[in-house]
Amino acid sequence: MKCVLEGNGVKVFGKAVQALSRIGEDLWLDPMVKGLALRSVNAAHSAYACFLFSPMFFQHYSLGSGSEPARETIKCKLVIKSVLPLFRCLTAIERNVERCQITISTPTDRVVIQFFCKYGITKTYSLRFQESEALQAEFASHLCPNVLKAPARLLSDMVLHFPVSLEEITLSATPLRFTLRNYHEAGNDHMKTMYTEMSLHPDEFDFFQVGADSDVTFCLKELRGFLSFAESHCLPVSVHFAAAGKPVCFSMEDMVLEATVLLATLMDSENTGPSQPVGPPVPTSPRCADVAALPVVSHEGNSRESQNAPAVMELIPSSQGSPMINPPALRHLLSTADDPHGPDVPDEASAMATPASTMICSLLFRALASEQDDDGCDVSLPVLACYSDTEDEMEGDYTRSPSLLISQRRLNLPSPGVNTWDSARKRLF
Amino acid sequence: MVAKCCGFDFSGNESFKTTECTMPLSTQSQADDEKYVLVASLDNARNLSNILKAITFKDHAIFNATPNGLKVTVEDSKCLQANAFIQAEIFQEYTIKEDVVGFQVNLTVLLDCLSIFGGSTLPGVSTALRMCYRGYGYPLTLFLEEGGVVTVCKINTQEPEEPIDFEFCSSNVINKVILQSESLKEPFSELDMSSEVLQITMSPSQPYFRLSTFGNSGNAHYDFPKDSDMMELFRCTKTQTNRYKMSLMKPSTKALALSCKVSVRTDSRGFLSLQYLVRNDDGQICFVEYYCCPDEEVE
């Protein structure tokens, strides 16, 4: 295989390599008649990405190289660590590189990437590859009941609000609303987490079809690279998903390239009710390992593993290392927040009937502490964060709840310590 | 190795080196001036510290002062030598009472002293330097002033070692190129550090001038054609390929970063000479050169 990229194409290709490096450690190069596919999958087979560049993307694209006729094309696997440095500094590439030629040389087991730069300077990299079966994930996107399409910018902006360290995110969709929130489960140490939730009205999307209400939880880290690529390309992103446990597919395409990211989702993403006993945290290795694995077909992978998500998973501690609060209290708080009439299984997605505008809501545990003391939660909740701006407002309450209080507009909490919605929002963003 | 700092003067008098100055330290140094075999002054100490940073890969440096100027040498494992040349004309004052004045100091300590005022990059604010040496057995005395504040540093000196003579002479040079540093900066910063050697190929025919690395993931070659705009001089008579230990080549990256032009020469033994043309803050020219022994000869 031999292909030549020019000018901006090199930068786009580099960006794809960067996005793929966020997924797995290996990069599969699969030259086909319909184009060159770059693929990667993570170790747990819970994330898969594919960038397919059509022959039109290249200045020159041919299977077989020169002396060799185009026989069955070679599929090679490279270590991403050896390819990434070549495309690490995209601004330098934009400045200096005029042309890039990629050749797969079978006799020497090498992929040769040549950069023809300004002033006649040539950079030639000869990388070892392993011959491998093609890696391909099967996903019937046409069978998904839920399909959304949004500008990449919209999704990037939403994701921006979640901490960079956040591993998993829950996407909830009903015909009336789309919500992203960080994934959490009842557990001893889940008080260390900051919860963030963002909702969008269907009007914000280019296309919004939710055939079946669903909550899917997947790994966010692996998606970020793809979103960054889509944003730089200014292309809309399509999201196909179904029920929890089935993979979610993010894709984008234009005339010359198609990019897809398939992420496995947790089998059971429903939050437990307040009566759920808090068991000991189940030690887990990478969280995403426990999700239903993607049906990835590959030479070496195991496919079709389905595991149940453990009841309790390790949570990401907040940067402040906030002390823990008795989980049942939290469960209680949240449920009361959503439904003043009594504890219930909180499903934040349905609990909020929001106005048709973006609503950002961050709930910190102590938010409603003043309401709860009567309900029998006699846990003395420690201070989580002090909001110096409003110390005056809170003076009266200082001994009881000197903590950062943020509330949703509809809760109308009477406590004088509660900040107004606007000031809370300004504080955060 | 001790740098002793003493004396703070807040007279606010900016002109540190003129004789009209009323600062007590300066008056004292006037009397001592007669005793110094070497006095070198700079309005901007960065003109010295920047160029010294380009050769700081080892702690110790050999200073060799002649009426022509100052030469500072740093060596590593008898295979690598770096020299920085600061001509007498660069200094605002340069007085030497002997033909040759030599001593050895801890270069790291010297650089710390030169930037004792924090190395501010505000325009118009610079540290003035007056470097004085009384001779064998005496410390190197630095008077540093910025904004009216004076610091005196005394750095212990040692018996200077004899720098290695790499016996690199122009008549023995087989291949020579002069490149604009801009074109080399990127390849050098990207060099695959997992490669043990940096291979330099110079030839009158393709690939003309090539840098190669052999790392864990594969090979990389950087080719510079002889007619490139970046190639100011191309004089190669014979194809030569030499390898140099990567660990020895890496320090030269600092000199490359400062320079605007670099000359690369190899002689019949495969010894490498890199000469860097450095412009200081005031646009004056200084030179840094590196000599390196080949790792092995590859034809």
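How much of the pair distance distribution for the range B:152-214 lies past 17 Å, counting alpha-carbon pairs only, in percent? Cα-Cα pairs in the range B:152-214 separated by more than 17 Å: 66 percent.
By its C-alpha gyration tensor, with a ≥ b ≥ c as the square roots of the eigenvalues, how is the range B:170-297 shaped: rounded for a/c under 1.5, else prolate for a/b larger than b/c, else oblate? Write down the numbers at each step before the final one.
Details: a/c = 1.45, a/b = 1.18, b/c = 1.22.
Rounded, because the longest to shortest axis ratio a/c is under 1.5.
Take the range B:210-262 with all the other protein chains still there, run a 1.4 Å probe, and you get 42 Å² of accessible area per residue. The long axis of helix B:181-190 is offset from the longest Cα principal axis of chain B by roughly 80 degrees.
Per-residue 3J(HN,Hα) values for the range B:225-237, derived from phi via the Karplus relation 6.51 cos²θ - 1.76 cosθ + 1.60 with θ = phi - 60°, read x, 5, 9, 5, 4, 7, 8, 7, 9, 9, 9, 10, 9 Hz in sequence order (x marks Gly and Pro). In the range B:258-296, whose amide N lies under 11 Å from the spot 7 Å out along Cα-to-Cβ of B:Glu167? List them in ranges. Output list for this probe position: B:269. Karplus-derived 3J(HN,Hα) values for the range A:50-58, using 6.51 cos²θ - 1.76 cosθ + 1.60 with θ = phi - 60°, are 9, 10, 10, 9, 6, x, 5, 5, 9 Hz; glycine and proline are entered as x. Computed from backbone phi, the HN-Hα couplings of the range B:99-113 come to 5, 9, 10, x, 7, 10, 9, 7, 5, 4, 5, 4, 5, 4, 5 Hz, rounded to whole numbers (Karplus: 6.51 cos²θ - 1.76 cosθ + 1.60, θ = phi - 60°; Gly and Pro given as x). At the residue level, A:Arg181 shows approximately 10 square angstrom of accessible surface with a 1.4 angstrom probe and all protein chains present. Computed with a 1.4 Å probe on the full set of protein chains, the accessible area for B:Asp282 sits at about 100 Å².
Cα-based Rg of chain B per 2.2 N^0.38 Å, rounded to two decimals?
Values: Rg = 21.3 Å, N = 299, 2.2 N^0.38 = 19.2 Å.
For chain B, the normalised Cα radius of gyration comes out at 1.11.
Considering every alpha-carbon pair of the range A:5-111, the percent of pairs per 5 Å bin, from zero through the bin containing the longest distance, is 2, 12, 21, 24, 22, 13, 5, 1.
Listed by chain and number, the lysines placed with their C-alpha closer than 20 angstrom to that of A:Lys11 are A:Lys2, A:Lys81, A:Lys118, A:Lys123; residues fewer than eight positions away on the same chain are left out.
Residues of the range A:209-246 with an amide N closer than 19 Å to a point placed 7 Å from the Cα of A:Arg153 along the Cα-to-Cβ direction: A:226-239.
Less than 5 angstrom separates the built amide H of A:Gln59 from those of A:Val4, A:Leu5, A:Glu6, all sequence-distant by 5 or more or on a different chain. Taking all Cα pairs closer than 8 Å and separated by 6 or more residues, the relative contact order of the range B:16-155 comes to 28 percent. Largest accessible area first, the residues A:Leu86, B:Leu144 order themselves as A:Leu86, B:Leu144 under a 1.4 Å probe with ligands, DNA and RNA left out. When the Gaussian network model of chain B links Cα atoms closer than 10 Å, the mean-square fluctuations of B:Lys71, B:Lys254, B:Lys97 top out at B:Lys97.
Comparing B:Ser194, B:Ser49, B:Ser181 in a Gaussian network model of chain B (Cα springs below 10 Å), the most mobile by mean-square fluctuation is B:Ser194.
The amide H of B:Val197, built 1.01 Å from its N in the peptide plane, has B:Phe214, B:Met246 as neighbours under 5 Å, considering only residues 5 or more places off or on other chains.
The values are calculated or read from the model by the stated rules, or taken from the named source; none is laboratory data. These numbers were taken from a predicted model, which means no experiment stands behind them. Positions of Cβ are backbone-derived with ideal geometry, glycine not excepted, and every protein chain shown enters the neighbour counts. Heads up: the accessible areas ignore ligands, DNA and RNA and are worked out on the full protein's heavy atoms, side chains in. Shrake-Rupley method; radii C 1.70, N 1.55, O 1.52, S 1.80 Å.
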